[in-house]
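Below is one structure; the comments refer to it alone.
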Amino acid sequence: MDLSIIVPLFNEAESLPELYSWIDRVMKENSLSYEILFINDGSTDNSWQIIEGLQQAHDNVHGIKFRRNYGKSPALFCGFARAKGDIVVTMDADLQDSPEEVPEMVRMIREEGYDLVSGWKKKRYDGKFSKNIPSKIYNWTARKVTGIKLHDMNCGLKAYRNEVVKNIEVYGEMHRYIPFLAKNAGFDRIGEKVVHHQARKYGVSKFGLNRFVNGYLDLMSLWFLNKFGKQPMHFFGLLGSLMFIVCFIAAIVVGTSKLVCLAKGIPARLVTDNPYFYLSLVGMLMGTMLFLTGFLGELISRSSQERNDYKIEKEF
């Protein structure tokens, strides 16, 4: 099978029949065999009934129904596990992602050797303040932190080699950073294609501005886990040691200045009356706590079952 098309959705009943017809037409025009996996993320409308109707009429339609709304990452995780196509495509169900872009993304993977091709909605039909400006800031930050030169990291329209989705774990709200997850798993041939973005035809957006705050926090978590996840002592131990040493030297300076004043017969206040003495003690305590945090993190990391989980591409 050429393609597995994964469509996460939440209350998109109006769009589903039109989306299926659109996908079916484009795939047939390009002679691509495919399956569609609709992931119903706890919809409260009749989305599931629509999916059941499509499945009864077309044997290449499959569906997964969550008991409640879990989010896009769990939906993609379940879709990736079920995908059988050589290339896996993800797109949103709101008709804002165009299936017309898929054949070219497939060609880029097959002929140009990309592991992953991400869409770039260069011209958007969203409110400038509510989406465009925060999105530009978010993507600039993501490029700097991840080192991946994508203009639209969170674009829902993406295409992957099947082995990519089978070797990454999408959890929490990490769907925003699938290219980063793929890069960390060793799939660093990541391309980008400008795609057509359409205005929403039915309903309203299910995402608010809080996704940018959550996205930033998730990005910091991914960066830290990738850099120090298996070696926490390299971060906490180094930071704690430096803080302890600096504050210890500061405490010595406070004590030495007192001794110098006594030796010269100069009146000086008690060391315990000097606020810098207490700041030094607090800093030393914080440094010790950070060091112990790194030590405990190292113990936990070494006892993890995934401590030697290395992705081997070929073996003779």
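The values are calculated or read from the model by the stated rules, or taken from the named source; none is laboratory data. Keep in mind that this is a model prediction, so the values were computed, not measured. When we count neighbours, we look across all protein chains shown, and the Cβ atoms used for this are built from the backbone with ideal geometry, even at glycine. Remember, those area values only see protein heavy atoms, side chains included, never the ligands or the DNA or RNA. Shrake-Rupley method; radii C 1.70, N 1.55, O 1.52, S 1.80 Å.
Can you give the extra length, in nm with one decimal, that the chain gains between E52 and R269 once fully stretched, where that is 0.36 nm per residue apart less the Cα-Cα distance?
Values: separation 217, 0.36 × 217 = 78.12 nm, distance 8.23 nm.
Residue separation times 0.36 nm, minus the Cα-Cα distance, leaves 69.9 nm.
Return one number: the angle in degrees, 0 to 90 and rounded to the nearest 10, between the long axis of the Cα atoms of helix 47-57 and the longest principal axis of the Cα atoms of the chain. Relative to the chain, helix 47-57 is tipped by roughly 40 degrees. Mean separation of Cα pairs under 8 Å and 6 or more residues apart, divided by the residue count, gives the chain a relative contact order of 17 percent. On a 0 to 90° scale, report how tilted helix 238-263 is relative to the longest principal axis of the chain, with both axes built from alpha carbons and the result rounded to the nearest 10. The angle comes out at about 20 degrees. Charges were assigned to the Cβ only: +1 to each Lys and Arg, -1 to each Asp and Glu. The resulting dipole of the stretch 20-146 about its Cα centre is roughly 760 debye.
Between I245 and L296, what FRET efficiency follows from the Cβ-Cβ distance if R0 is 22 Å, with the result rounded to 0.05? Walk me through the numbers before you get to the answer.
On the way: r = 21 Å, r/R0 = 0.94.
Efficiency at R0 = 22 Å is approximately 0.60.
Computed with every protein chain present, the accessible area of E169 is close to 110 Å² [probe 1.4 Å].
A protection proxy built from the mean count of other Cβ atoms within 10 Å ranks the segments 250-261, 1-12, most packed first, as 1-12, 250-261.
Its Kirkwood hydrodynamic radius, worked out from the mean inverse distance over all distinct Cα pairs, puts the chain at 22.8 Å. For G85, the residues 5 or more places off, or on other chains, whose built amide H falls under 5 Å of its own are S4.
Averaged over all directions, how much area does the convex hull of the C-alpha atoms of the stretch 1-138 cover when projected, in nm²? Kindly include the intermediate steps, with their values, before the conclusion.
Details: hull surface 36.8 nm².
Convex hull of Cα atoms, orientation-averaged projection: 9.2 nm².
What fraction, in whole percent, of alpha-carbon pairs in the stretch 218-268 exceed 12 Å separation? Of the Cα pairs, 72 percent sit more than 12 Å apart.
Could you tell me which of the pairs K84/K144; K166/K227; K72/K201; K144/K201 are separated by over 31 angstrom between their Cα atoms in the structure shown? Long pairs (Cα-Cα over 31 Å): K84/K144; K144/K201.
Counting helices only, and only those DSSP H runs with n ≥ 4, report the 222 nm mean residue ellipticity of the chain as the sum of -39,500 (n - 2.57) divided by its residues, in deg cm²/dmol to the nearest 500.
Details: 10 runs with 146 residues, N = 316.
Calculated mean residue ellipticity at 222 nm is -15000 deg cm²/dmol.
In this simple spin-label model, placing a label point 7 Å from the Cα along the Cα-to-Cβ direction at both L259 and S31 gives a separation of 8.8 nm.
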